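Since the structure comes first, as structure tokens, the remarks are kept for the end.
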Amino acid sequence: MGLIRRIAAAGRAAQKAPTVPATLPQAAGLGGSLQVRHVDAGSCNGCEIELGQAFSPVYDAERFGARLVASPRHADAITVTGPVTVNMARALRTTYEAMPEPRLVIGIGDCARSCGAFAGGHGVVGPVEDVVPVDLHVPGCPPEPEAIVAALRSLTGR
């Protein structure tokens, strides 16, 4: 049985899309399209794996208008994973400031919201909102790709 058939048989590709929360007012001018820059601020890489899966052919966040870009100057939003470490605080702030207005920040995972297992650790500045304002949090350790896609859909309105 081919890979596509095995995935479809498992139900993931054939599942209904998750319910979408109401669109944020900050995303009103995006026109159904969202350019996303990702920043790993000091995570364990669990959230990066799930974020990568959200853009894989199985979950395909691009069909809902979200696309990963390489430059913050082309981005409408940034996804941030992990607690912000001392070494990444300035880089995160610089990335945020390089984005054009309106700019959105999506905190991916529990560590981005509350530092998770890294709370109180040496070299940890704090959660993402201590460095840049966060518009949307995706809870989980790590969050499932469906939850990440649902969050992106709440911004694209698709």
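Read-outs throughout are calculated quantities, based only on the coordinates presented, and are distinct from any laboratory measurement. Just so it is clear, the model here is predicted, and its values are computed rather than measured. Heads up, the Cβs are rebuilt from the backbone with ideal geometry, glycines too, and the neighbour counts pull from every protein chain shown.
Listed by Cβ neighbour count within 10 Å, with the fewest neighbours leading, Thr94, Thr79, Thr85 appear as Thr94, Thr85, Thr79.
Under the criterion of Cα pairs below 8 Å and six or more residues apart, the relative contact order for region 29-156 equals 32 percent. Residue order for Val86, Val131, fewest other beta carbons within 10 angstrom first, comes to Val86, Val131.
When Val132, Val58 are arranged by Cβ crowding within 10 Å, least crowded first, meaning fewest neighbours, the order is Val58, Val132. Charge tally for Ala66 (other residues, Cβ to Cβ under 12 Å; Lys, Arg +1; Asp, Glu -1): +2. Ranking Pro143, Val69, Ala54 by how far each Cα lies toward the positive end of the dipole of region 29-156 (charges on Cβ) leaves Val69 at the top.
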